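Novice: Take this structure, written in structure tokens, and hold onto it; I'll ask about it next.
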Amino acid sequence: MSWKKYLGNEGETLACQYLQSLGMQIVARNWRFRHYELDIIAKQHGEIHVIEVKTRRSDQYIEISDLVRRAQIERILSATQAYVETYHCTEPVLLDLLVIITNAAGTKFEFYPDAFHDSF
């Protein structure tokens, strides 16, 4: 397993624990549609949350637009639409971003609810 894949898997495990601590119910992890993938799908307060997880070692500030490019947002949107249609979802859908910074100094979570609200 590559280092990048290992870091991503570690981050998604930490993300699930963090999101559950916020009261979210994890519905799916690594949900696939064609060759697209949704990292985490969760529910809370009658809403569906599609969460893109970005795990980093560096705590250097970076813009959200540099973490998630437009092409990736479009893939997330396609997969989200497929999920909604597959499961006949009627709840509101939020596209969230969770940035996890984990290094020798510890682990820090930066949660951006509805980060891509203009996209969906």
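Novice: On the given criteria, is residue 7 over 17 Å from residue 116 (Cβ atoms) and modelled with pLDDT of 90 or more?
Specialist: Working: over 17 Å from residue 116 (Cβ atoms): yes; modelled with pLDDT of 90 or more: no.
In short, no.
Novice: Pairs needed: first member in the range 33-57, over 18 Å from residue 75 (Cα atoms); second member anywhere, small (Gly, Ala, Ser) and modelled with pLDDT under 95; C-beta distance under 7 Å; at least 6 residues apart or different chains.
Specialist: Note: pairs meeting the criteria are 55/8; 55/11.
Novice: Please go through the range 78-120 and pick out each residue that is exposed (fewer than 15 other Cβ atoms within 10 Å of the Cβ) and of a type in the set (A, V, I, L, M).
Specialist: If the condition is that a residue be exposed (fewer than 15 other Cβ atoms within 10 Å of the Cβ) and of a type in the set (A, V, I, L, M), then 104, 105 are the ones that fit.
The values are calculated or read from the model by the stated rules, or taken from the named source; none is laboratory data. Please read these numbers as outputs of a predicted model, since none were measured by experiment. Virtual Cβ from ideal backbone geometry, glycine too; neighbours counted across all protein chains shown.
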